[in-house]
Amino acid sequence: MKILCCVKQVPEKDARIRVADSGDWIHSEGLAVAISECDRYAVEAALRLKEAVDGEVAVLLVGGEQGSKSVKEALAMGCDRAIHVITDELTRSDPFVISKVLAKAVEDEGFDLVLTGQQSDDLGYNAVGQMLAQHLGMSHAQIVLSVDPVEDGRIRVSHELDNALIETIELSLPAVLGVQSGINDVRYASLKGIMQANSKPQKKVTLEELDLSAEDLTPKLRIEKVGFPVRTSQAEMIEGDAAAAARTLVDKLRTEAKVL
Amino acid sequence: MDALSLDEFIALEDELSDEEKLVRDTTRRWVSERFLPIVGEHFENATFPDEVAREVAELGLFGGSLPPKYGCAGMNQVAYGLAQQELEYGDSGLRSFVSVQGSLCMFPIYRFGSEEQRTKYLPKMAAGELIGCFGLTEPDAGSDPGSMKTRATRDGSDYILHGQKMWITNSPIADLCIVWAKTDGDDAKDIRGFIVERDREGVECPTTHHKMSLRASHTGEILLDEVRVPAENILPETKGLGSPLACLNQARFGIAWGALGAARACFDEALAYGNERIVFGKPITAKQLIQKQLADSATQIALGQWMMHHLSRLKDRQGGRILPYQVSMAKRNNVAIALEVARTCRSILGGNGISAEFASIRHMLNLESVYTYEGTHEVHTLIVGRGLTGQDAF
Ligand SMILES: Cc1cc2nc3c(=O)[nH]c(=O)nc-3n(C[C@H](O)[C@H](O)[C@H](O)COP(=O)(O)OP(=O)(O)OC[C@H]3O[C@@H](n4cnc5c(N)ncnc54)[C@H](O)[C@@H]3O)c2cc1C
């Protein structure tokens with residue numbers, strides 16, 4: 001099975017984020033970077049599939065030169081080769097443009113399965129995978145919890161629906177899957193693997209070489225302003241006896257805070 | 001104003017290669033996910049989580065700077081140092097475990113051993129299948145190892161080893177001991193290194209109890225009662241006291257890095273705690289005295305970082321060698337400042353600072369051992385002094 005894993009590089013989880021003077025982006029100089037959380041689980045899922053059915057896993061990353069760190073990490077974890085679309089222009093781009101670039105970079109490769117993370121740690125649009133499937137004309141599932149191969153070029157996928165329902169479906173290949181975080185134990189790259197990552201094939205292409213149209217490169221979305229949530233000290237006391245208060249709390253968490 | 005992170009002060013991120021960053025980040029992730037959740041309990045119980053040996057080996061941390069042909073990671077000195085720093089961010093006991101296996105046991109086999117010994121032992125030690133310990137210190141020979149009493153007497157094609165080693169990290173769980181003993185005469189130049197398998201008759205490795213420092217680490221003795229080992233167990237290239245000291249210099253370099261990790265762990269904890277701790281109506285980090293403590297600590301950590309980056313790049317450029325005086329200067333300085341930072345941070349935590357639920361007191365207690373082992377602070381002062389004046393003041 002030919003598997004592709006799309007990986008995004010984002011600021012480290014505990015990096016100290018500060019808003020740039022321009023007000024529409026963050027201060028990114030000297031910031032430690034890492035592979036986005038969900039994408040790690042996608043890499044692990046891809047490697048496990050490869051180990052189960054044989055085949056190869058390629059990793060695809062769109063980003064500046066510093067993206068090579070994440071490319072090498074994926075290779076050190078066990079991916080076989082890498083495609084790195086080198087560009088500094090798309091850091092703030094929208095899912096439409098990114099998915100166009102990803103699609104163009106691999107359209108002639110004939111991948112059977114493309115894994116992406118469900119959403120990225122930084123912008124969190126949760127849209128690149130869906131659009132990529134559309135551009136490549138592949139089947140698609142989101143919030144994927146497990147992937148198992150079945151015969152005849154099909155896979156069995158379980159994924160989350162609203163209200164925490166889990167659905168298991170069979171998809172025909174080729175397919176694009178958006179992988180949820182926390183679905184497996186992600187392996188650590190070995191230090192030996194890290195030191196030898198450079199010996200694996202890494203194809204570097206520039207945006208120009210991909211020959212995308214002006215329309216493909218025109219974002220549909222523009223970031224006007226970024227900022228931290230304003231700290232407020234609003235607190236609401238829920239009155240009543242414990243059972244009733246608990247019910248009200250759950251209700252509020254569900255409908256107002258939308259965290260359940 | 002938005003606060004900067006200490007990493008922004010140190011500003012080394014862009015100086016590191018992808019590989020160096022990945023070694024650091026991977027070790028950091030492993031320590032935080034797999035080790036930090038369990039270390040506090042092990043420290044309190046004076047146990048070491050032996051099960052992490054396999055994971056440490058899988059990561060490639062044992063003998064990490066030795067060549068891949070012996071199953072090692074082949075890291076450069078910066079990557080190696082960053083890994084030690086992340087390990088000691090976890091606990092000095094963890095870094096000691098890795099230092100002893102790599103710098104004090106695998107390194108002497110690599111540097112002073114025959115090719116046969118290298119291929120026999122190194123891959124298994126890199127894989128964590130064989131754990132080693134390093135026996136130099138004796139009850140009456142610590143800072144002055146040249147005065148050791150352990151003897152290796154030639155008997156036909158064998159050697160008979162007799163003596164006692166104490167304060168030996170990992171001896172209670174070791175499969176093999178690198179034992180330093182005098183062969184022909186009573187001079188420091190007669191010291192040779194031997195590989196002594198633990199299961200040889202006459203070898204015993206009792207555990208040392210009652211430690212108030214480095215509690216999450218095995219420490220014990222090596223008792224050698226007329227232990228017969230074949231002559232092929234001698235490390236052929238060892239010649240005099242310089243040989244064990246060469247091993248110690250490898251380990252001391254790692255310690256100089258590691259101590260900064262322990263200091264950083266305390267600093268991170270104290271800063272986070274201080275930001276949340278409201279006293280007299282304000283977070284304590286808004287108080288001048290606490291800011292001075294943080295500024296002093298951060299400055300010492302940053303200076304240590306810059307020093308180690310420079311020395312490590314130098315070591316890489318010079319084929320793995322820097323002056324032993326430079327190593328002494330780094331070990332002496334970084335452990336002393338780490339101890340000071342740990343004490344300061346412990347105090348910033350107030351009463352909570354003496355609880356093992358926080359990391360600072362654990363690091364503070366551990367660093368007392370690190371201050372003493374691998375050449376005490378005073379011994380390194382004398383080494384640097386000798387370098388500066390050309391005069392021996394031991
Ligand atoms: C937890 C732990 C683990 C250890 N692990 C190992 C190990 O794996 N292998 C191993 O071989 N050893 C190990 N050691 C031993 C350690 O290296 C020795 O304890 C150290 O070298 C000091 O020796 P000593 O304890 O005999 O002290 P001493 O040499 O008796 O020193 C006592 C004091 O005198 C000072 N002093 C000594 N000489 C001078 C001088 N000339 N001028 C001024 N002051 C001086 C010292 O600095 C110290 O303050 C370990 C020790 C500890 C605590």
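Within the range A:196-212, can you find the residues that are within 22 Å of the chain's Cα centre (by Cα) and within 14 Å of chain B (Cβ to nearest Cβ)? Within the range A:196-212, A:Ala197, A:Gln202, A:Lys204 meet the criteria.
Can you name the residue in the range A:174-199 that is in contact with a strand residue (DSSP E or B) (Cβ under 6 Å, 6 or more places away or on another chain) and not small (Gly, Ala, Ser) and is also farthest from A:Val106 (Cα to Cα) among such residues? Residue satisfying both the conditions and the ranking: A:Ile183. Of everything in the range B:187-203 that is in contact with a Lys or Arg (Cβ under 9 Å, 6 or more places away or on another chain) and farther than 20 Å from B:Met125 by Cα, the residue that is nearest to the ligand (Cβ to nearest atom) is B:Ile191. Checked against (1) at pLDDT below 90; (2) touching a Leu at 6+ places or on another chain (Cβ under 7 Å), A:Asn163 passes all but condition (2). Taking the condition touching a residue at least 24 places away in the same chain (Cβ under 8 Å), over 21 Å from B:Met212 (Cβ atoms) and not assigned by TED's automatic domain parsing to the domain that holds B:Asn170, does B:Val100 pass? No. The range B:316-394 holds helices (runs of 4 or more DSSP H) entirely within its bounds, and those carrying 3 or more residues that are away from every other protein chain (no Cβ under 14 Å), more than 17 Å from the chain's Cα centre (by Cα) and more than 12 Å from the ligand (Cβ to nearest atom) map to B:324-348, B:377-389.
How about the range B:121-151: which of its residues are away from every other protein chain (no Cβ under 14 Å), surrounded by 15 or more Cβ atoms within 10 Å (Cβ to Cβ) and more than 16 Å from the ligand (Cβ to nearest atom)? Selection gives B:Tyr121, B:Lys124, B:Leu130, B:Arg151. Annotation note: of A:Gly193, A:Gly182, A:Gly178, the sole residue that is buried (at least 18 other Cβ atoms within 10 Å of the Cβ) and within 14 Å of another protein chain (Cβ to nearest Cβ) is A:Gly193. Consider the range B:152-162 and keep the residues that are surrounded by fewer than 22 Cβ atoms within 10 Å (Cβ to Cβ) and either of a type outside the set (Gly, Ala, Ser) or within 12 Å of the ligand (Cβ to nearest atom) (or both). The one that is nearest to the chain's Cα centre (by Cα) is B:His162. Applying a threshold of 9 Å to beta carbon distances and a minimum spacing of six or more residues, or different chains, the list of pairs starting in the range B:362-375 at a residue that is on the phi < 0 side of the Ramachandran plot and in the same structural domain as B:Leu260 (by TED's automatic domain parsing) and ending at one that is within 8 Å of the ligand (Cβ to nearest atom) and part of a helix (DSSP H, G or I) reads B:Asn366/B:Ser96; B:Ser369/B:Ser96; B:Val370/B:Ser96; B:Tyr371/B:His377; B:Tyr373/B:Ser96. In the range B:7-48, of all residues being out of contact with any Ser or Thr (no Cβ under 7 Å at 6 or more places or on another chain) and part of a loop (DSSP other than H, G, I, E, B), the one that is farthest from the other protein chains (Cβ to nearest Cβ) corresponds to B:Ala46. Can you pull out every residue in the range A:1-56 that is more than 11 Å from chain B (Cβ to nearest Cβ), closer than 21 Å to A:Asp88 by Cα and free of Cβ contacts under 8 Å to residues at least 40 places away in the same chain? Listed by number, the residues that qualify are A:Ala20, A:Asp21, A:Ser22.
Within the range A:213-260, being in contact (Cβ under 8 Å) with a residue 24 or more places away in the chain and either more than 30 Å from A:Gly23 (Cα to Cα) or touching a strand residue (DSSP E or B) at 6+ places or on another chain (Cβ under 7 Å) (or both) holds for A:Val226, A:Gly227. Number of residues in the range B:107-121 that are in contact with a Pro (Cβ under 9 Å, 6 or more places away or on another chain) and either outside any loop (DSSP other than H, G, I, E, B) or among the aromatic types (Phe, Trp, Tyr) (or both): the value is 4.
The values are calculated or read from the model by the stated rules, or taken from the named source; none is laboratory data. Predicted, not measured: the structure shown is a model, and the values here were computed from it. Don't worry about glycine lacking a Cβ; one is built from the backbone with ideal geometry, like all the others, and counts go over all protein chains shown.
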